[in-house]
Amino acid sequence: MNIEQLLPIAKDAGAAILKIYNNPDQSKVVDYKADDSPLTLADQAANEVIVAALRKNFPEVHIISEEGKDIPYPVRKDWETFFLVDPLDGTKEFIKRNGQFTVNIALIENGKPTMGVVYTPVTDTMYFGDIHKGAFKQVGEEAVQPLQVNHKSTERVAVRSASHASPEEETVLKKYDVQDEISVGSSLKFCMVAEGKADLYYRHGPTMEWDTAAGQAVALAAGAKMYVGNTEEKEFTYNKESLLNSGFLVLGF
Ligand SMILES: Nc1ncnc2c1ncn2[C@@H]1O[C@H](COP(=O)(O)O)[C@@H](OP(=O)(O)O)[C@H]1O
Ligand SMILES: [Mg+2]
């Protein structure tokens with residue numbers, strides 16, 4: 001499998017989202033949780049595009065997606081290789097219409113994300129990484145840029161959730177000499193560490209496995225590390241019995 005094969009899939013899913021996001025008939029705009037809301041429709045449309053393309057191109061690889069997550073642990077526990085998909089991450093940002101939502105496709109091998117694509121449809125920005133080849137960014141049809149973490153040792157910048165930051169995070173930020181903070185929605189936080197715009201992403205609150213897998217792959221491929229909790233002890237892994245993640249620490253240094 002080649003990371004480049006995943007890019008058009010994420011782009012097509014992004015196009016399906018944008019078609020709904022930019023539909024001038026936003027009559028259901030206040031009712032975003034209804035079954036026929038733009039949010040639900042965009043989520044489902046993106047999921048259908050991704051799952052159909054993955055099944056066609058990689059019929060032997062299992063898929064766990066936010067939209068199809070009810071696979072019992074006994075069935076999935078021995079999966080060595082599978083795709084982990086969040087078709088639309090950043091629900092709150094989609095509703096706020098600030099563009100900070102992403103399409104996420106990750107490949108997990110033996111509990112570790114080895115490839116990941118994070119695509120932002122509104123800005124047509126593709127972040128992608130393969131831990132064996134490195135991390136890259138492409139804006140529109142511009143040249144592909146390699147990404148590298150910053151390795152900063154003082155006056156660091158942290159990136160935090162725009163909607164789910166917790167006060168418990170402050171102590172860790174102090175410990176790592178964080179002097180500045182950026183607030184952004186969705187898995188874009190991992191990409192900001194990967195491209196060196198932020199040095200650290202510490203999250204105390206819960207996420208789901210599909211929220212973090214693709215972003216983690218991009219960050220790791222750019223040279224970052226990701227740990228469970230707030231210490232640099234245990235690597236962050238996938239296909240846990242509960243797909244609910246604990247807090248985590250991403251370091252670009
Ligand atoms: N209480 C909770 N339990 C599990 N996941 C949560 C959560 N609160 C937020 N999340 C996850 O955090 C993601 C948003 O992250 P962020 O705040 O960094 O943008 C959400 O993704 P979705 O937006 O795809 O639902 C959601 O899955
Ligand atoms: Mg999500």
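What is the number of the single condition among (1) at negative phi; (2) within 16 Å of ligand 2 (Cβ to nearest atom) that SER186 does not meet?
Looking at each condition in turn, SER186 falls short on (1).
If you check every pair at least six apart or on different chains, which have Cβ atoms under 7 Å apart with a residue in segment 225-253 that is more than 22 Å from LEU107 (Cβ to Cβ) first and a residue that is among the hydroxyl-bearing types (Ser, Thr, Tyr) second?
Matching pairs, first to second residue: GLY229/SER246; ASN230/TYR202; GLU233/TYR227; LEU249/TYR202; LEU249/TYR227; PHE253/SER153.
State whether the residues of segment 9-24 include one that is of a type in the set (S, T, N, Q) and at pLDDT below 95.
Yes: segment 9-24 contains one or more residues that are of a type in the set (S, T, N, Q) and at pLDDT below 95.
May I ask you to list the residues in segment 64-98 that are within 17 Å of ASN110 (Cα to Cα), aliphatic (A, V, I, L, M) and within 16 Å of ligand 2 (Cβ to nearest atom)?
ILE64, LEU84, VAL85
So, in segment 135-163, how many residues would count as being farther than 24 Å from ASP12 by Cβ and either surrounded by 16 or more Cβ atoms within 10 Å (Cβ to Cβ) or polar (S, T, N, Q) (or both)?
Qualifying residue count, segment 135-163: 14.
So which residues in segment 201-217 are more than 11 Å from ligand 2 (Cβ to nearest atom) and surrounded by fewer than 24 Cβ atoms within 10 Å (Cβ to Cβ), if there are any at all?
HIS204, GLY205, PRO206
Counting only residues that are closer than 22 Å to SER163 by Cβ, give me the helices (runs of 4 or more DSSP H) lying completely in segment 38-119 with at least 2 of them.
Counting at least 2 such residues, we get 38-57, 91-96.
Looking at (1) surrounded by fewer than 19 Cβ atoms within 10 Å (Cβ to Cβ); (2) closer than 25 Å to GLY111 by Cα, which one does GLN44 not meet, given that it meets all the others?
(2)
Can you find a residue that is without any contact (Cβ under 8 Å) to a residue 40 or more places away in the chain, hydrophobic (A, V, I, L, M, F, W, C) and either more than 16 Å from ALA214 (Cα to Cα) or surrounded by fewer than 14 Cβ atoms within 10 Å (Cβ to Cβ) (or both) anywhere in segment 76-99?
Taking every residue of segment 76-99 in turn, none turns out to be without any contact (Cβ under 8 Å) to a residue 40 or more places away in the chain, hydrophobic (A, V, I, L, M, F, W, C) and either more than 16 Å from ALA214 (Cα to Cα) or surrounded by fewer than 14 Cβ atoms within 10 Å (Cβ to Cβ) (or both).
This table checks each residue for (1) away from ligand 1 (no atom under 14 Å from the Cβ); (2) farther than 17 Å from LEU54 by Cβ; (3) among the acidic types (Asp, Glu).
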position: GLU66; (1), (2), (3): no, no, yes
position: TYR73; (1), (2), (3): yes, yes, no
position: GLU80; (1), (2), (3): yes, no, yes
position: VAL103; (1), (2), (3): no, no, no
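Here is a list: ALA217, ALA213. Which entry is more than 13 Å from ligand 1 (Cβ to nearest atom), over 11 Å from VAL159 (Cβ atoms), in a helix (DSSP H, G or I) and not assigned by TED's automatic domain parsing to the domain that holds THR120?
Just one listed residue meets the conditions, ALA217.
A quick yes/no check of all residues on (1) more than 17 Å from the chain's Cα centre (by Cα); (2) more than 16 Å from ligand 1 (Cβ to nearest atom); (3) at pLDDT below 95:
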{"residue": "ILE95", "(1), (2), (3)": "yes, no, yes"}
{"residue": "LEU107", "(1), (2), (3)": "no, yes, no"}
{"residue": "LYS112", "(1), (2), (3)": "no, yes, no"}
{"residue": "ILE131", "(1), (2), (3)": "no, yes, no"}
{"residue": "GLU142", "(1), (2), (3)": "yes, yes, no"}
{"residue": "LYS152", "(1), (2), (3)": "yes, yes, yes"}
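Suppose we keep only residues that are under 20 Å from the mean Cα position of the chain (by Cα) and in a strand (DSSP E or B) within segment 179-189. Which one would you say is surrounded by the most Cβ atoms within 10 Å (Cβ to Cβ)?
VAL184
Tally the residues that are in a loop (DSSP other than H, G, I, E, B) and surrounded by fewer than 16 Cβ atoms within 10 Å (Cβ to Cβ), restricting the search to segment 164-178.
Selection size over segment 164-178: 5.
The values are calculated or read from the model by the stated rules, or taken from the named source; none is laboratory data. Treat the numbers as computed from the prediction; the structure is a model and nothing was measured. Reconstructed Cβ throughout: ideal geometry from the backbone, glycine too, with neighbour counts over all protein chains shown.
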